[in-house]
1. Of the residues that make up segment 131-146, is at least one buried (at least 21 other Cβ atoms within 10 Å of the Cβ), closer than 14 Å to ALA28 by Cα, charged (D, E, K, R) and in contact with a Ser or Thr (Cβ under 8 Å, 6 or more places away or on another chain)?
2. Inspect all residues belonging to segment 16-26 and state whether any of them is surrounded by 12 or more Cβ atoms within 10 Å (Cβ to Cβ), of a type in the set (Asp, Glu) and at pLDDT below 75.
3. If I filter segment 43-56 for residues that are assigned to a helix (DSSP H, G or I), hydroxyl-bearing (Ser, Thr, Tyr), surrounded by 14 or more Cβ atoms within 10 Å (Cβ to Cβ) and out of contact with any helix residue (DSSP H, G or I) (no Cβ under 6 Å at 6 or more places or on another chain), do I get at least one hit?
4. Condition first: over 20 Å from ASP154 (Cβ atoms) and either in contact with a Cys (Cβ under 7 Å, 6 or more places away or on another chain) or aliphatic (A, V, I, L, M) (or both). Now tell me which residues in segment 19-52 satisfy that.
Amino acid sequence: MTRLSDTEGSRSATPPAIRGPLWADLVATFFAIGRLRPGPGTWGSAVTVLLWAAVAYRIDPGLRTPVAIVLAVLVIAVGIPAATQVSRSLASKDPQIVVIDEVAGQLITLIAAPLAWKTFLAGFILFRAFDITKPPPVRQLERLPEGAGIVLDDVAAGIYALAGMQLLLHTGLLT
């Protein structure tokens, strides 16, 4: 995703090299997905949808929602310190290559969503829309320090998208 608030130089054509711990680079960039151009956040969201689809079809239907919740919580728990390490190593408040926040938000969006291409597409669009527009209080969460600010604004965008997805499903607008 294009980070409009990021003016520290992470917009170059070539993603910067990480000088921090390898684990943090792998997690924060979601195994280098964050280095794809253009739109690393969009790539992170798209890959998350595809991976969730591949995993969810193999899980007992009764366990899909709890598994999605647990995965989202784990991604947040590991993503915040990873994003902190990478942002420190790059001296950037919110580097574009960090996409673990998109992974968390996209997973939240897909909680309790039926496994169908329409719901995957709607979830992707809803999350990207809320992540880019950042309605209140999403934008305010960016002010939190380091990795918390990087990840939690996308968690909030994911919660908005989850609510939108469930509204579409329960009103029958998305079947």
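1. So far as segment 131-146 goes, no, none of its residues is buried (at least 21 other Cβ atoms within 10 Å of the Cβ), closer than 14 Å to ALA28 by Cα, charged (D, E, K, R) and in contact with a Ser or Thr (Cβ under 8 Å, 6 or more places away or on another chain).
2. Checked segment 16-26: no residue is surrounded by 12 or more Cβ atoms within 10 Å (Cβ to Cβ), of a type in the set (Asp, Glu) and at pLDDT below 75.
3. Within segment 43-56 (the criterion being assigned to a helix (DSSP H, G or I), hydroxyl-bearing (Ser, Thr, Tyr), surrounded by 14 or more Cβ atoms within 10 Å (Cβ to Cβ) and out of contact with any helix residue (DSSP H, G or I) (no Cβ under 6 Å at 6 or more places or on another chain)), the answer is no, since none of the residues qualifies.
4. LEU22
Residue-by-condition table, conditions (1) at pLDDT 95 or above; (2) under 15 Å from LEU51 (Cβ atoms):
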| site | (1), (2) |
| --- | --- |
| SER89 | no, no |
| SER92 | no, no |
| ALA104 | yes, yes |
| ILE108 | yes, yes |
| ILE150 | yes, no |
| VAL155 | yes, no |
| TYR160 | yes, no |
| LEU168 | yes, no |
| THR175 | no, no |
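The values are calculated or read from the model by the stated rules, or taken from the named source; none is laboratory data. Treat the numbers as computed from the prediction; the structure is a model and nothing was measured. Neighbour counts run over all protein chains shown; Cβ positions are idealised from the backbone, glycine included.
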